[in-house]
1. Just one of E195, E213 is over 20 Å from S76 (Cα atoms), of a type in the set (D, E) and either touching a helix residue (DSSP H, G or I) at 6+ places or on another chain (Cβ under 6 Å) or buried (at least 19 other Cβ atoms within 10 Å of the Cβ) (or both); which is it?
2. Go through the range 78-119 residue by residue and tally those that are assigned to a loop (DSSP other than H, G, I, E, B) and of a type in the set (F, W, Y).
3. Given the structure, is P156 open to solvent by less than 10 Å² (accessible area, probe 1.4 Å), closer than 30 Å to D202 by Cβ, assigned to a loop (DSSP other than H, G, I, E, B) and not hydroxyl-bearing (S, T, Y)?
4. Which residue is surrounded by the fewest Cβ atoms within 10 Å (Cβ to Cβ), if the candidates are limited to the range 177-192 and must be within 20 Å of A120 (Cβ to Cβ) and either in contact with a Cys (Cβ under 6 Å, 6 or more places away or on another chain) or small (G, A, S) (or both)?
Amino acid sequence: MASPTGRLVTETLAFDGGRRVSAYVPAKQPEAIVYAGDGQLIAPWGRLLEASGLPPVLVVAAHRVDDELQRIREYSPGESSAQFTFDPELFAAHERFFVEDVRRWVRERFGLAPPPERTAVFGVSASGELALAMGVRHPETYGVVLCASPGGGFRPPAVLEPPLPRAYFVAGTQEPFFLKNAARWATALHEAEAETVSVERDGAHGGPFWKQEFPKMVAWAFTR
């Protein structure tokens, strides 16, 4: 007899005139939560966690906008340069949505509010910057950062103050720009005495190694 599997739940919250949020709800009562951006892509990856035999994890992912420039500006508190202009107000509005509204929805919809050591934030590329920003700025909420191939707009501050989240980085050997960004953050957090893991995989930006690494990252986060 086949084991029961979870389900994908999608609802629309009020942010920005209506922003969708998806959650992969495992068949058994979740023991931890992974929050993420890029919900269209990442929320269904919750199935991979069940298939990997991990303890049940709720994967909650806010959907991204179609406009790539707005996506980057929502996800990163980076500093503007001659090449690109970031938007602190847009980032702050999305940050409130992500930290307050999405978590409130999870509490009300699923009755879950685990402690930070059982709460991770995950992202890939631009949403990898979102994961870093949320973890560094809100370590009392997200105790673990899981980051794949982060973009380069958000760089480590000169001083990283404790408490800091544990962090797992992965990047591909064929994406040197993103590999360098991951190494920069891993080094900065390690030097600030945060627990870190840094992995290189054979692959290019957007490659299958992101999806393949996700269960390994979650296992590291929650199976100590």
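1. Checking each option against the conditions leaves just E213.
2. Within the range 78-119, residues that are assigned to a loop (DSSP other than H, G, I, E, B) and of a type in the set (F, W, Y) number 2.
3. no
4. A192
Okay, residues lined up against (1) in contact with a Phe, Trp or Tyr (Cβ under 9 Å, 6 or more places away or on another chain); (2) under 24 Å from W185 (Cβ atoms):
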| site | (1), (2) |
| --- | --- |
| F84 | no, yes |
| E108 | no, no |
| S127 | yes, yes |
| L132 | yes, yes |
| P139 | no, yes |
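The values are calculated or read from the model by the stated rules, or taken from the named source; none is laboratory data. Computed from a predicted model, the values in this text were never measured in an experiment. Reconstructed Cβ throughout: ideal geometry from the backbone, glycine too, with neighbour counts over all protein chains shown. Areas reflect the complete protein model, heavy atoms only, side chains present, ligands, DNA and RNA absent. Shrake-Rupley method; radii C 1.70, N 1.55, O 1.52, S 1.80 Å.
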